[in-house]
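These notes concern the structure reproduced below.
The values are calculated or read from the model by the stated rules, or taken from the named source; none is laboratory data. All values derive from a computational prediction rather than experimental measurement. Note: ideal-geometry Cβ built from the backbone for every residue, glycine included; neighbour counts use all protein chains shown. Remember, those area values only see protein heavy atoms, side chains included, never the ligands or the DNA or RNA. Shrake-Rupley method; radii C 1.70, N 1.55, O 1.52, S 1.80 Å.
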Amino acid sequence: LKFKNFISSIDFLQITPGVSRQVQAPPGRAHEFCKKHPDSNGCIYHRLPRHLLDQMGWQDFQILRGGILNIGGVRVGFEICLDHAMGQLCNNDLKPDETVDVQTIVSAGMNVASGPVCTKPGGPTFLADGFSRTELSLNRFGQGRRSTMTEAKRRRYNVGLTYGADAMVSMQQWVADTIYDLTGTGFGTREAGMGTLPGGSESAGSTGIVFKQIAALGEEWEELFAGYYATASYKEAQRAENLLESSLKRFEKKEEGAVETEIPEPKVLPTVDFYGPLKLPK
């Protein structure tokens, strides 16, 4: 088990979006409530209640100390959400000149460039975010620990190009590729991977990265989510996709033309994303 170090408001479960919290979030670890009730939910970050472990079938487990695990000779670093922005792995778990072979981040509302990356140049950093997005950075310049402030006063790290996938990127790529196929021209000269899925696209070209997606929960995913997660964004994206498809069919009929290339339809549903295989630097 890997525990999170830094408390953030997103950690605490909600019954439904916009409704009162199921687990009250204390303002901080040293809050008076937690001093008086140290075993209360929302105050415990270093252990799990025994009844919860029993429910999950975890009678025997080990706690990961320091965020680094050796798996088959590969040194993997782990971070959870806000810990990444705070530099837990790169600044606390590792010495300034130490690296990991692979860095992994699980989060809800985080991105790779918001925190330091401490892989070797070319070493992958993977992010899986609860807001239906995945990312990959390869730290090509080897400067992932260096940062600067943007004009919006946000800290960004020099992690190189970040490849990302979510429903909006998938739809954007689908629209761009469709227009490119119909007209023979596109918009701009962006690098493949910028505004496309991680593998690239017909109009932008290939990134050289193997990337695949599959449905995470099958065709009945909306029923599984009902009452637990808000799905309105997916529904609106699906509605937009249907409108665009209808417009395309009317255009093809009127102009007596058709999209000649088999363009993958956008994935407007929860997905499992596969990156690679990737070769680890020595």
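Structure above, values below:
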| item | result |
| --- | --- |
| Test: residue in region 241-262 that is on the phi < 0 side of the Ramachandran plot, touching a Ser or Thr at 6+ places or on another chain (Cβ under 6 Å) and open to solvent by 50 Å² or more (accessible area, probe 1.4 Å) | no |
| Residue ID - most open to solvent (accessible area, probe 1.4 Å), chosen from residues in region 162-178 that are β-branched (V, I, T) and under 14 Å from P266 (Cβ atoms) | V175 |
| Failed condition for L94, given (1) closer than 23 Å to F6 by Cα; (2) surrounded by fewer than 19 Cβ atoms within 10 Å (Cβ to Cβ) | (2) |
| Residues that are buried (at least 19 other Cβ atoms within 10 Å of the Cβ) and among the polar types (S, T, N, Q), drawn from region 133-161 | T134, S137, N139 |
| Members of region 136-175 that are among the hydrophobic types (A, V, I, L, M, F, W, C) and either free of Cβ contacts under 8 Å to residues at least 12 places away in the same chain or closer than 21 Å to G109 by Cα (or both) | L136, L138, M149, A152, V159, L161, A165, A167, M168, V169, M171 |
| Residue ID - modelled with the highest pLDDT, chosen from residues in region 67-78 that are of a type in the set (G, A, S) and closer than 18 Å to T125 by Cβ | G77 |
| Some residue of region 17-26 being touching a Cys at 6+ places or on another chain (Cβ under 9 Å), at pLDDT below 85 and either closer than 24 Å to R154 by Cβ or not β-branched (V, I, T) (or both) | yes |
| When residues of region 190-204 are limited to those that are open to solvent by 30 Å² or more (accessible area, probe 1.4 Å) and over 17 Å from the mean Cα position of the chain (by Cα), the one nearest to T162 (Cα to Cα) | E191 |
| Cross-chain or 6+ apart pairs with Cβ under 9 Å, region 53-72 first and of a type outside the set (F, W, Y), then open to solvent by 90 Å² or more (accessible area, probe 1.4 Å) and assigned to a loop (DSSP other than H, G, I, E, B) | L53/Q59; I63/H46; I63/R47 |
| Among the residues listed as C90, C34, the single one being outside any loop (DSSP other than H, G, I, E, B) and modelled with pLDDT of 75 or more | C90 |
| Failed criterion for D83 (all others in (1) exposed (fewer than 15 other Cβ atoms within 10 Å of the Cβ); (2) closer than 17 Å to A128 by Cβ hold) | (1) |
| Hits in region 97-114 - residues which are open to solvent by 40 Å² or more (accessible area, probe 1.4 Å) and modelled with pLDDT under 95 | D97, G109 |
| Filtered residue count, region 115-131, keeping only those that are surrounded by fewer than 20 Cβ atoms within 10 Å (Cβ to Cβ) and either out of contact with any Leu (no Cβ under 9 Å at 6 or more places or on another chain) or over 21 Å from Q213 (Cα atoms) (or both) | 7 |
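The rows are residues; the columns are (1) of a type in the set (G, A, S); (2) within 21 Å of the chain's Cα centre (by Cα).
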site: R146; (1), (2): no, no
site: T150; (1), (2): no, no
site: R154; (1), (2): no, yes
site: G160; (1), (2): yes, yes
site: Y180; (1), (2): no, no
